[in-house]
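Visitor: Got a structure here, written out as structure tokens. Questions coming.
The numbers here are math on the coordinates, done by the rules we state, and not lab data. It should be emphasised that the depicted structure is a prediction, and the values quoted were computed from it without experimental measurement. Here the Cβ is made from the backbone with ideal geometry for all residues, glycine too, and neighbour counts use every protein chain on show.
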Amino acid sequence: MKNKVIVFFIFLGQFQFIGAQTNVEKWINGQVTTNNVSPVEGVNITNTSSKIMVVSDAYGHFSILSKEGDILSFSAINYEPLRKFINKKEFNIGSIAVDLTPKRIELNEVIVNKHSNITAENLGIIPKDQVKLTTAERRLQTAGDFKPIHLLSLLGGALAVDPILNAISGRTKMLKKELSIEKKEFLMVKLENLFDDKYYIETLKIPAEFIKGFQYYCIEDVDFARSLKDKNKTMSMFLIVGLASEFNKMQLQDK
């Protein structure tokens, strides 16, 4: 009987030791790819147990604190979501590899232009290599920007009247403001296409009703606006986290 009791406690101790091992946390390194070749940048990786979230870098690499048996959730724009179970072997090695599947975008209709070489430039309608302006830019250019005119210009050369009249009437100032608004609208479109609402709500903790206001708050930031113009997604993702923290603090102070 005594021997059976000893064996029971030995077995119980081993069971507790094994259970304790499964609760050990450590940093797991990984890489996210697509087609098992190309690294995927900007993937949100979330540990569903601890709610810790990290983002993959330009090489698809990431590092996240996890336990054996934890489930990692992978989500990214243009890729199918994926959930990955960390098995014993992967946990012991401390490394995992994940391959994401691109989302399929079905096109309703495709029109092939058989005469793609025929353009307005080739036909001589507009000069070649002409800078393409937006509507607001064309209006401002047509109005003319008012500049001080030297006395020699008044005495010897022709004088454009429209720029002066536009400056006096305030039309030029109005058109500059219109151009500024148009540029911000372009940035808003880029920002709206960069992140979905789920990212704002779950990752940045922005309430759904404040998402649009937060987007306008972001594009007013010079550094963030520059990252959008340069299409630097990594920098945009880095900056938006800090802007979200500032925005949320402001909302708490206003309450």
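Visitor: Can you pick out the pairs among 26/190; 51/190; 89/231; 26/233 whose Cα atoms lie more than 32 Å from each other? Could you put the intermediate results ahead of the total?
Guide: Details: 26/190 37 Å; 51/190 28 Å; 89/231 39 Å; 26/233 29 Å.
Check vs 32 Å cut-off fails for 26/190; 89/231.
Visitor: For the ranges 208-218, 232-242, what's the packing order if you count other beta-carbon atoms within 10 Å of each residue, average per peptide, and put the highest first?
Guide: On the way: 208-218: 14.6, 232-242: 16.3.
The packing order, highest mean first, is 232-242, 208-218.
Visitor: As a quick test, which of the pairs 184/205; 183/212; 212/249 have an alpha carbon distance above 19 angstrom in this structure? Intermediate results must be reported in sequence, preceding the final value.
Guide: On the way: 184/205 24 Å; 183/212 17 Å; 212/249 17 Å.
Table pairs above 19 Å Cα-Cα are 184/205.
Visitor: How long is the gain from residue 246 to residue 88 if the chain were fully straight, where each residue apart is worth 0.36 nm and the alpha carbon distance is subtracted? Could the numbers behind the result be given before it?
Guide: Details: separation 158, 0.36 × 158 = 56.88 nm, distance 4.04 nm.
The span from residue 246 to residue 88 would gain 52.8 nm if fully extended.
Visitor: A further question follows. Which net charge results for the neighbourhood of residue 40, defined as the other residues with beta-carbon distances under 15 angstrom from its beta-carbon, given Lys and Arg at +1 and Asp and Glu at -1? Mind showing how you got there, number by number?
Guide: Details: positive: 84, 103, 233; negative: 41, 57, 80, 99.
Around residue 40, the surrounding residues sum to -1.
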